[in-house]
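Below you'll find the structure, written out as structure tokens, and then a few comments.
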Amino acid sequence: SPFRARHKRKNWYFGGQLFEIAEQTVDSEIRFQQCRASGAGGQHVNTTDSAVRATHVATGIAVRVESERSQHANKRLARVLLMQKLAEQAQQAASQQQKSRWQQHNELQRGNPIRTFKGPEFSQTHKGKG
């Protein structure tokens with residue numbers, strides 16, 4: 001690698017995605033609940049309510065985060081995870097809508113033609129009342 005001339009080549013890759021959050025509208029639609037975290041952590045886990053459960057009121061989607069020691073950090077992370085789930089749900093709804101539109105296109109019934117054009121000169125022939 002030209003960036004690390006005396007080192008072996010390392011193939012490290014990172015896949016990331018940015019989510020924009022509208023703070024003022026999101027907080028009114030999300031209900032936060034504080035609870036105790038589970039698992040290892042000793043006395044700190046037993047005495048503080050650092051875990052956060054975020055529930056989107058309109059859809060009922062819930063996320064529980066207890067990975068950080070700080071309640072504020074868990075709340076921030078829960079908000080981001082909830083926005084990610086809502087974005088995935090919106091994407092699935094859009095793809096389902098597009099799929100149903102495509103199926104309607106395939107099920108379209110053609111009517112009886114009144115005028116048809118045939119031959120190299122495209123002479124017109126009439127069908128029906130005449």
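Scanning the range 57-77 for residues that are touching a strand residue (DSSP E or B) at 6+ places or on another chain (Cβ under 6 Å), modelled with pLDDT of 90 or more and not β-branched (Val, Ile, Thr) yields a count of 5.
Among the numbered conditions (1) surrounded by 10 or more Cβ atoms within 10 Å (Cβ to Cβ); (2) modelled with pLDDT of 80 or more; (3) closer than 15 Å to Met83 by Cβ, the only one that Gln34 does not meet is (3).
Is there a residue in the range 82-92 that is closer than 13 Å to Phe32 by Cβ and modelled with pLDDT of 90 or more? Yes, some residue in the range 82-92 is closer than 13 Å to Phe32 by Cβ and modelled with pLDDT of 90 or more.
The requirement of being at pLDDT 70 or above and exposed (fewer than 10 other Cβ atoms within 10 Å of the Cβ) is fulfilled nowhere in the range 107-114; no residue meets it. Residue pairs whose Cβ atoms lie under 7 Å apart, sitting 6 or more positions apart in sequence or on different chains, and linking a residue in the range 11-37 that is farther than 21 Å from Glu88 by Cβ and charged (D, E, K, R) to a partner that is at pLDDT 80 or above and outside any strand (DSSP E or B), are Arg36/Asp49.
The values are calculated or read from the model by the stated rules, or taken from the named source; none is laboratory data. Note that this is a predicted model, so its numbers are computed, not measured. Cβ: placed from backbone, ideal geometry, glycine included. Neighbour counts: every protein chain shown.
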